[in-house]
Amino acid sequence: LTGQILVLNDRFAAIAGRTREEMLTSDWMRITHPDDLEADLDHMARLNAGEIPGFQMNKRFLKPDGSVVWISMTIAPVTLKPGESPRHLAMIDDITARIRLETELRLAKEAAETATQAKSEFLAHMSHEIRTPMNAVLGLAQLLGRERLSDNQAAMVERIQTAGQSLLGIINDILDFSKIEAGQLRLEARPFDLGTLTLKLAGLLGPAAQAKGLVLRIGPPPAALGPLLGDALRLEQVLIN
């Protein structure tokens, strides 16, 4: 196989952007894109060495105006009569539109992944930035609650703590969302007490229910249930939601 073109149809000439006469006085390596020439020569060397009977590859042709056309080329041996020189059949298909679409989809996917990564990093960063002063607010409210306060003042401090805990839960949810997108969210498998968890839920959700004129009651779990194994934080988030 030398790449010399002996016979071709009008479609092949049109894909290459040349006349039939120009193609018959040339070989396909002369119109191959320089970046694809090495792979082309390697396939031909292996074929001529008898390592492969034929090959298929996607490559580029350069047209006379400098434009590029992507092709799918399949080379297969032709059955010969005794004494004939080896010949091969080249089947050419213009895949420029497909390659262009695949490139556009790949670039769009990369852009979307970059945007998602940037959003996740922003959410994680902002969650940490907000959580730090929020913990300070809750700490100060806890210290204030230890002082001598009137009933009204104590009630307001308790509301500050409850609202702060709720806000901290929202912040944690945002951070969890970024972890989910990054595939980094992991569920714990640790013993926890369901009664303690439900008491915490009542403390968090009770004031919000009361503000709406509702009464929230969460009954104790069965005594025979005992400690459970799982992720108490995630269960708490599910029940709150």
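Some points to look at:
- Computed on the chain, with alpha-carbon pairs under 8 angstrom and 6+ residues apart, the relative contact order is 11 percent.
- Ratio Rg/Rh, restricted to the stretch 69-123 and using Cα atoms, in which Rh is the Kirkwood radius: 1.47
- For the chain, the longest principal axis of the alpha carbon atoms and the long axis of helix 96-145 meet at an angle near 20°.
- Rounded to 10°, Cα long-axis angle of helix 34-48 versus longest principal axis of the chain: 60 degrees
- The chain, accessible surface, carbon-and-sulfur percent (1.4 angstrom probe): 58 percent
- Nearest 10 degrees, 0 to 90: helix 151-181 Cα axis against the chain principal axis: 10 degrees
- Pairs over the 29 Å Cα-Cα cut-off, from the set 119/212; 59/109; 109/179: 119/212.
- Approximating the spin labels as points 7 Å out from Cα along Cα→Cβ, the residue 151-to-residue 233 distance works out to 3.8 nm.
- Sequence-distant contacts, meaning Cα pairs under 8 Å at least 6 residues apart, place the relative contact order of the stretch 24-92 at 23 percent.
- Taking all protein chains into account, the per residue accessible area for the chain stands at 68 Å² (1.4 Å probe).
- For residue 51, the solvent-accessible surface computed with a 1.4 Å probe is close to 120 Å², ligands and nucleic acids excluded.
- Ellipsoid semi-axes in whole angstrom, largest first, where each is sqrt(5λ) of the Cα gyration tensor of the chain: 76, 21, 14
- With the whole protein complex present, residue 55 retains an accessible surface near 20 Å², based on a 1.4 Å probe.
- The stretch 105-241: C-alpha gyration tensor shape, a/c 1.5 cut-off, then a/b vs b/c: oblate
The values are calculated or read from the model by the stated rules, or taken from the named source; none is laboratory data. Note that the coordinates shown come from a computational prediction; the quantities given were computed from them, not determined experimentally. Cβ sites come from the backbone with ideal geometry, for glycine too, and all protein chains shown count toward neighbours. The protein model used for the area step is the full one, side chains on, heavy atoms only, and it has no ligands, DNA or RNA in it. Shrake-Rupley method; radii C 1.70, N 1.55, O 1.52, S 1.80 Å.
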